[in-house]
Amino acid sequence: MGKTFKTIDEAVIRFAGDSGDGMQLTGGRFTDTTAIVGNDLSTLPDFPAEIRAPAGSLAGVSAFQIKFSSKDIHTPGDKPDVLVAMNPAALKVHQKELIPGGTMIVNLDAFTKKNLAFAGYDSNPMEDGSLDDYFTVIPIEMNKMVTAACADLDLSPKLVGRTKNFFALGVLFYMYDRPMEATELWLKKKFAGKDAIIKANSIAMKTGYNYAHTTELFTTRFKVEKASLPPGKYRNINGNYATSLGLLAASEKSKLNIFLGSYPITPASDILHTLSSWKHFGVQTFQAEDEIAGVTSAIGAAYTGSLSVTTTSGPGIALKGEALGLAIITELPLVVINVQRGGPSTGLPTKTEQSDLNQALYGRNGEAPMPVIAAATPGDCFYAAYEACRIAVKYMTPVMLLTDGYLANGSEPWMIPNMDELEPIDVKFAKKPNADGDYLPYLRDKKTLSRPWAIPGTKGLEHRVGGIEKAENTGHVSYDPENHHRMTLLRQEKVDKVQNEIAPTEVYGEKSGDLLILSWGGTFGASRSAAETLQEEGFKVSHIHVRWISPLPKDLGKLVKSYANVLVPEINLGQFLRLIRAEYLVDAKGLNLVRGRPIGAATIVEKVKETLG
Amino acid sequence: MSETQTPVLTKKDYESDQAVRWCPGCGDYAILSQTQKTVPSFGRKKEDIVFVSGIGCSSRFPYYMNTYGFHSIHGRAPAIASGVKISNPDLAVFVVTGDGDGLSIGGNHFMHALRRNMDINIMMFNNRIYGLTKGQYSPTSEVGKVTKATPYGSIDIPLNPPSLALGAQSTFVARTIDRWQKHLSAMMERSYQHDGGSFLEIYQNCNIFNDGAFEEYTGKEKLDNVIELENGKPMLFARETKGIKLEGSKAIVVNMDDHSAEDLLVHDETDLDMAHIIANWTSNPQLPEPIGVIYCVDRPTYNQDMVDQINSAKEKKGKGSVQGLLNAGDTWVVD
């Protein structure tokens, strides 16, 4: 068994199989183990919208990619080094993305005539040699292996067959020298009471591990050392969970109960699921009858003094538009979360996109400004959600938080924050009249321009709010032209005041140079990776990432004008680009790819080099 | 709804400082006045009452009540009110809506608020017309209604609101009429006292766009055309000269000259089958219009169930620690 260990900086693995093959779960187990080992990591789950497309079909292929490294990384990687393909369809969809010379680990048992035909293969690629010139192909009869290994268990062949993903997981654990204990514990928890299932999966995993150890197909094992991350306590986290935690942290800090009004929609539903399980924190979740009831119930709860939230994706925001205007004119605090997906219409429900920026900024009738913040990474969703809550209650305004499918489902190691170190959220409900014995619901705070928050149940402050234009201070219905103009300006000015909350913009690299990569939202990782590569190669390229998009940071205008070129990569046709051009009159250029997938760092590097000639 | 101290308030306390802007002669005036008169009898503190409305003539209502109030957007009042009630279940929450606001654009929220038995009081002013948009037919307008939008007559079948409410699993369904001041007040009282979602339909005259829509129930002939439902009482109407009995599942009008009270149907507010039958009389010209409490049963409310679930979760798991949750799961330390 002359296996050699080779230490590498990083690796990219993609698990691909049928929707029923458990690829997301396998990827999740590999990810958690990799986190415990101490590597930096980034993941990209990629699954179809259909719950179960026909077994073996191209449409039913589900994949999970992970990049892990001994260095600080920002993306799930462009092309995998290793592809695990559980059936011909998975191979067909993903083989072209494997790096030349990469390794393919294939479940040979799935390469039946029927499956091959279903995947559109004329001949069997496992037999015709078509792959051998380009890749290291390791065919394994996974079904036969697990069937033999689990022969003594009292389990149906069907259930035994389902453990083949754990066999593949075991192979990968061996290849990359990962421990199996965490997964065994996880199995015991997940399948508590189903001993045969726990045992079968555990046996399958170990069989895979031992098989890889014994067979001569694997000549090299790889070591990826611990990443040198800043000191602290870490966990692995995905964006939707981080968003949920951020809301909960804001609830504790503000001493307000969360009210979530929401209607299930991909890829935002997990926030609803997670918050629903936190009843012991006093969290109220209301699965509404539709998107509109989701936001309007939240507006009702905001009027009544809750930390109100509504979660959705692009189509849901479209339906909520009128109600968002109501929250703006009634000046009630509300956090609106859009986990963006491919559009328009139903679009690509399970794929990522950044194409709802215009909708977030302008998608309402009338002059209807609201602060918009976008999370940069899965872990940053926590801080962005927390900020959104803090600004909403401080400025008495709805705030839109943009994340996306990539951030929501992708994960990374995350330094666990200390609650004591988060910025305080002080909420003071109005208790007394504020104008010579009267209560003026629209009398503004001079600094923030926010109005007081008097909630039902407060004696003497009975007042009416509504969607008709408000008279300044009194909040009475007013059709006065001058008043309307003034209130329109005031609502905008209030949002602009949020600039005072934005930290000075960080520049990665020099504060001037040949080119600035200017990113927002989920393209942070690829942009930062590209800037790192380019700087290492000696290019005068810097990177600025923008989190607050409405209002934009005060210092951004000056910064973007300090570079000969500005490149804005985004997964849309240039929505942020046009904003930057309009705001700052700079001749910024876009890198726009709308494929439902993250933009790769290599693509940005290439574009920068092309721009700089 | 228990209150330790009953404030003594009067109609005046509930009048806001805003000038009322409905058309002179509108039925809404009578409803507003009766509401301001009746609400003090609930013995609630003014600050614990919230009126929520959508869009339409009736939806201006909250501006005129000196309570907390929310004039929202078209059709969404039941959803907003649900948020208010869940956020603070101690509040008395009223929804004021109309036939267009509540049944057309807001039909979905109407249905689901009732289904959940959210403890809110929905008062629907039904004038069978769109008033604020100046006279188009509504989802309760009769077939053939000639309006600006239907110069050849409408071809839509109208909804019968109580039937819809019953189908939506409402636990309280009642009907009254703007001009029946005492009855209106009694129905508001019943509606408020009901622990659960309540639906009160109020026939309301729009003297501009649909004048006299309910004349047959309010004019001289009204006693022949209306039956006032009373729980446990036989179904008598027209000064007790007529009654209603069941033949199979069909209700028929009988003359009391040749029938006795024992022959008649006896109203039972808790009988859902009977409630459906009664609600349907509206669409049958042979039968009188049912006015009063059609259906009333107790069922757990959504808002109370949510309180209970949260309390029981806190009891079982202990009050959560956010820092504990942040630190949970597989963690590792980088030195």
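General remarks:
- Shielding of peptide A:287-296 by partners, expressed as the average count of other chain Cβ atoms within 10 Å per residue Cβ, is 6.
- Over segment A:507-611, equivalent-ellipsoid semi-axes from the Cα gyration tensor in Å: 18, 17, 12
- Candidate lysines - alpha carbon under 18 Å from A:Lys158, same-chain residues fewer than 8 apart omitted: A:Lys144, A:Lys194, A:Lys199
- Above-threshold pairs, the threshold being 19 Å between Cα atoms, out of A:Lys428/B:Lys319; A:Lys320/B:Lys134; A:Lys190/A:Lys233; B:Lys220/B:Lys250; A:Lys470/B:Lys134; A:Lys511/A:Lys540: A:Lys428/B:Lys319; A:Lys320/B:Lys134; A:Lys190/A:Lys233; B:Lys220/B:Lys250; A:Lys470/B:Lys134
- Straight-distance candidates among the aspartates and glutamates for linking to B:Lys317, with alpha-carbon spacing under 19 Å and chain neighbours fewer than 8 residues away dropped: A:Glu252, B:Asp305, B:Asp308.
- R0 of 51 Å, Cβ-Cβ distance B:Ile252-B:Asn311: FRET efficiency to nearest 0.05: 0.50
- Of A:Lys459/B:Lys11; A:Lys279/B:Lys316; A:Lys394/B:Lys314, those spanning more than 22 Å from alpha-carbon to alpha-carbon: A:Lys394/B:Lys314
- Summed residue charge, Cβ within 14 Å of A:Lys607's Cβ, Lys/Arg positive, Asp/Glu negative: -3
- Using alpha-carbon coordinates, inclination of helix A:181-190 to the longest axis of chain A, degrees: 70
- Acute angle (nearest 10 degrees) that the helix A:575-584 long axis makes with the longest principal axis of chain A, alpha-carbon atoms: 40
- Fraction in percent of alpha-carbon pairs per bin - 20 Å, the protein assembly as shown: 13, 37, 30, 17, 3, 0
- Peptide B:45-55 - average C-beta neighbours from other chains (10 Å radius): 4
- Working ranking of peptides A:331-340, B:83-92 by packing, defined as the average number of other Cβ atoms within 10 Å per residue, highest first, is A:331-340, B:83-92.
- Cα gyration tensor, segment A:230-329 - rounded (a/c under 1.5), prolate or oblate: prolate
- Rounded to the nearest 500, the helix-only mean residue ellipticity at 222 nm of chain B stands at -8000 deg cm²/dmol, with each DSSP H run of n ≥ 4 adding -39,500 (n - 2.57).
- DSSP finds beta bridges in the protein assembly as shown, and of those with both partners inside it, around 35 percent are antiparallel.
- Listed peptides B:176-182, A:234-240, B:208-214 appear in the order A:234-240, B:176-182, B:208-214 once ranked by packing, highest mean of other Cβ atoms within 10 Å at the front.
- Counting Cβ atoms of other protein chains within 10 Å of each residue's Cβ and taking the mean over peptide A:240-250 gives 1.
- One quarter of the convex hull surface built on the alpha carbon atoms of segment A:235-421 amounts to 9.3 nm², the projected area averaged over directions.
- Full extension of the chain segment joining A:Glu536 with A:Leu489 gains 12.2 nm, where the gain is 0.36 nm per residue of separation less the Cα-Cα distance.
- Lys pairs under 19 Å by Cα in segment A:549-613, provided they are eight or more residues apart or on distinct chains: 4
Rule-based calculations on the coordinates, nothing more; no lab input. This structure is a prediction, so every number in the text was calculated from the model and none was measured. No Cβ is skipped: glycine too gets one built from the backbone with ideal geometry, and neighbour counts run over all protein chains shown.
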